[in-house]
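Let me begin by presenting the structure, written as C-alpha coordinates, before commenting on it.
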Amino acid sequence: MNDTAPRAMTRTWEAHITYRECSVVTGTAIHTVTLTSTAAGIEADIDGEAAELACAVSILGAADTLTLISETLEAAPIGKARASKLHRIMARYGVPSGEHYAFASAALDAPVYSLALLTEPDARAVWRFLQQTHAA
(Lines give C-alpha, C1' and ligand atoms only; values in the text may rest on other atoms or scores of the structure.)
Protein backbone atom coordinates (compact mmCIF):
# COMPACT_ATOMS: atom_id res chain seq x y z
CA MET A 1 0.00 0.00 0.00
CA ASN A 2 1.36 3.43 -0.91
CA ASP A 3 1.23 5.96 1.89
CA THR A 4 0.87 9.47 0.46
CA ALA A 5 0.70 11.23 3.84
CA PRO A 6 3.40 13.86 4.22
CA ARG A 7 6.44 12.67 6.16
CA ALA A 8 8.11 14.69 8.87
CA MET A 9 11.37 16.25 7.74
CA THR A 10 12.21 17.59 11.21
CA ARG A 11 10.81 16.81 14.65
CA THR A 12 11.77 18.46 17.93
CA TRP A 13 10.90 17.07 21.35
CA GLU A 14 11.33 18.23 24.91
CA ALA A 15 12.51 15.22 26.92
CA HIS A 16 12.16 15.15 30.72
CA ILE A 17 14.48 12.60 32.35
CA THR A 18 14.59 11.57 36.01
CA TYR A 19 17.83 9.99 37.24
CA ARG A 20 17.57 7.41 40.03
CA GLU A 21 19.91 5.33 42.16
CA CYS A 22 18.39 2.55 44.26
CA SER A 23 14.93 4.02 43.64
CA VAL A 24 16.05 7.41 44.99
CA VAL A 25 15.76 10.42 42.68
CA THR A 26 19.27 11.85 42.24
CA GLY A 27 18.52 14.43 39.59
CA THR A 28 16.41 15.56 36.67
CA ALA A 29 17.20 16.96 33.26
CA ILE A 30 15.30 18.53 30.41
CA HIS A 31 16.75 18.17 26.91
CA THR A 32 15.56 19.48 23.57
CA VAL A 33 16.16 16.81 20.93
CA THR A 34 15.78 17.47 17.20
CA LEU A 35 15.94 14.80 14.50
CA THR A 36 16.22 15.95 10.89
CA SER A 37 15.93 13.81 7.76
CA THR A 38 18.57 14.70 5.17
CA ALA A 39 19.77 13.11 1.96
CA ALA A 40 22.69 11.66 3.95
CA GLY A 41 20.45 10.16 6.64
CA ILE A 42 19.11 11.35 9.98
CA GLU A 43 20.95 14.12 11.82
CA ALA A 44 20.51 14.79 15.54
CA ASP A 45 20.80 17.89 17.72
CA ILE A 46 20.65 17.87 21.50
CA ASP A 47 20.06 21.23 23.18
CA GLY A 48 21.04 23.03 19.98
CA GLU A 49 24.34 21.17 19.52
CA ALA A 50 25.06 18.55 16.85
CA ALA A 51 25.09 15.10 18.44
CA GLU A 52 25.39 11.41 17.67
CA LEU A 53 22.10 9.89 16.55
CA ALA A 54 22.49 7.05 19.07
CA CYS A 55 22.81 9.54 21.94
CA ALA A 56 19.68 11.41 20.83
CA VAL A 57 17.71 8.18 20.52
CA SER A 58 18.95 7.13 23.95
CA ILE A 59 17.65 10.36 25.50
CA LEU A 60 14.30 9.95 23.76
CA GLY A 61 14.08 6.35 24.96
CA ALA A 62 14.99 7.20 28.56
CA ALA A 63 12.60 10.15 28.86
CA ASP A 64 9.84 9.97 31.44
CA THR A 65 7.88 12.52 29.42
CA LEU A 66 8.21 13.46 25.75
CA THR A 67 6.51 16.55 24.36
CA LEU A 68 6.52 17.19 20.62
CA ILE A 69 7.46 20.86 20.29
CA SER A 70 7.60 21.27 16.53
CA GLU A 71 7.37 19.30 13.33
CA THR A 72 8.17 20.27 9.76
CA LEU A 73 6.42 18.17 7.13
CA GLU A 74 7.50 17.62 3.55
CA ALA A 75 5.10 18.93 0.98
CA ALA A 76 2.22 16.54 0.33
CA PRO A 77 1.92 14.90 -3.11
CA ILE A 78 -0.92 16.01 -5.38
CA GLY A 79 -2.41 12.51 -5.54
CA LYS A 80 -4.01 10.42 -8.26
CA ALA A 81 -6.99 12.64 -9.05
CA ARG A 82 -4.87 15.75 -9.68
CA ALA A 83 -2.28 13.69 -11.57
CA SER A 84 -5.02 12.32 -13.83
CA LYS A 85 -6.18 15.88 -14.54
CA LEU A 86 -2.59 16.92 -15.32
CA HIS A 87 -2.26 13.94 -17.72
CA ARG A 88 -5.47 15.04 -19.49
CA ILE A 89 -4.26 18.64 -19.75
CA MET A 90 -0.91 17.52 -21.17
CA ALA A 91 -2.72 15.40 -23.75
CA ARG A 92 -5.00 18.33 -24.63
CA TYR A 93 -1.91 20.48 -25.22
CA GLY A 94 -0.52 17.83 -27.59
CA VAL A 95 2.05 16.07 -25.41
CA PRO A 96 1.94 12.36 -26.38
CA SER A 97 0.90 10.15 -23.45
CA GLY A 98 4.17 8.22 -23.56
CA GLU A 99 6.10 11.45 -23.02
CA HIS A 100 4.26 12.90 -20.01
CA TYR A 101 6.90 11.82 -17.47
CA ALA A 102 9.78 12.96 -19.68
CA PHE A 103 8.01 16.29 -20.18
CA ALA A 104 7.55 16.74 -16.42
CA SER A 105 11.18 15.73 -15.91
CA ALA A 106 12.28 18.39 -18.38
CA ALA A 107 10.11 20.99 -16.68
CA LEU A 108 11.54 20.23 -13.25
CA ASP A 109 15.06 19.26 -14.35
CA ALA A 110 14.69 16.15 -12.17
CA PRO A 111 13.46 12.60 -12.84
CA VAL A 112 9.69 12.14 -12.57
CA TYR A 113 8.28 8.62 -12.36
CA SER A 114 4.77 9.48 -11.17
CA LEU A 115 2.77 12.68 -11.55
CA ALA A 116 0.77 11.68 -8.45
CA LEU A 117 3.91 12.09 -6.34
CA LEU A 118 4.56 15.67 -7.48
CA THR A 119 4.14 18.37 -4.87
CA GLU A 120 1.84 21.32 -5.54
CA PRO A 121 4.73 23.68 -6.44
CA ASP A 122 6.17 21.03 -8.81
CA ALA A 123 2.79 20.47 -10.48
CA ARG A 124 2.42 24.23 -10.98
CA ALA A 125 5.94 24.38 -12.48
CA VAL A 126 5.00 21.61 -14.95
CA TRP A 127 1.81 23.52 -15.81
CA ARG A 128 3.75 26.77 -16.43
CA PHE A 129 6.30 24.91 -18.56
CA LEU A 130 3.44 23.39 -20.56
CA GLN A 131 1.93 26.82 -21.16
CA GLN A 132 5.29 28.26 -22.21
CA THR A 133 6.15 25.47 -24.63
CA HIS A 134 2.77 24.50 -26.15
CA ALA A 135 -0.17 26.45 -27.51
CA ALA A 136 -3.62 25.45 -26.25
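The values are calculated or read from the model by the stated rules, or taken from the named source; none is laboratory data. A quick note: this is a predicted structure, and the numbers were derived from the prediction, not measured. All Cβ positions, glycine included, derive from the backbone under ideal geometry; neighbour counts span all protein chains shown. The accessibility values were calculated without ligands, DNA or RNA, using every heavy atom of the protein model including side chains. Shrake-Rupley method; radii C 1.70, N 1.55, O 1.52, S 1.80 Å.
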Calculated FRET efficiency, Glu74 and Thr32, Cβ-Cβ r, R0 25 Å, to nearest 0.05? 0.70
Express the relative contact order of segment 89-136 as a whole percentage, based on alpha carbon pairs under 8 Å and six or more residues apart in sequence. 39
Which distance in nm do the two modelled labels at Asp45 and Thr119 give, with both placed 7 Å along the Cα-to-Cβ direction? 1.9
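Accessible area of the chain with a 1.4 Å probe: how many percent of it is carbon plus sulfur?
Solvent-exposed carbon and sulfur of the chain make up 54 percent of the total.
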Using alpha-carbon positions, the gyration tensor of segment 33-136 gives root eigenvalues a ≥ b ≥ c; with a/c under 1.5 called rounded, otherwise prolate if a/b exceeds b/c, else oblate, the class is prolate
Assuming 0.36 nm per residue, please report the length gained on full extension of the stretch Ser23 to Met9 beyond their Cα-Cα distance. 1.2 nm
Quick check on the chain: helices-only [θ] at 222 nm, where DSSP H runs of length 4 and up contribute -39,500 (n - 2.57) each and the sum goes over total residues. Nearest 500, please. -10500 deg cm²/dmol
Lys and Arg at +1, Asp and Glu at -1: add these up for the other residues within a Cβ distance under 15 Å of Pro111 and post the number. -3
How big is the antiparallel share of DSSP beta bridges in the chain, given as a percent to the nearest 5? 100
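From the protein chains alone at 1.4 Å, what is the descending order of accessible area for Val126, Val57, largest first?
Ranked from most to least accessible, the order is Val57, Val126.
Which whole-number percent gives the relative contact order of the chain, counting Cα pairs below 8 Å spaced six or more residues apart?
Once divided by the residue count of the chain, the mean separation gives 23 percent.
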Counting only heavy atoms of the protein chains, get the accessible area per residue of the chain (1.4 Å probe) and round it to a whole Å² value. 66
Please compute the contact order of segment 1-67 in relative form: average sequence separation of alpha-carbon pairs under 8 Å and at least six residues apart, divided by the residue count, as a percent. 32
Which residues make up the longest stretch of the chain that has no GluC sites (Glu not before Pro) in a DSSP loop with at most 14 other Cβ atoms within 10 Å? 75-136
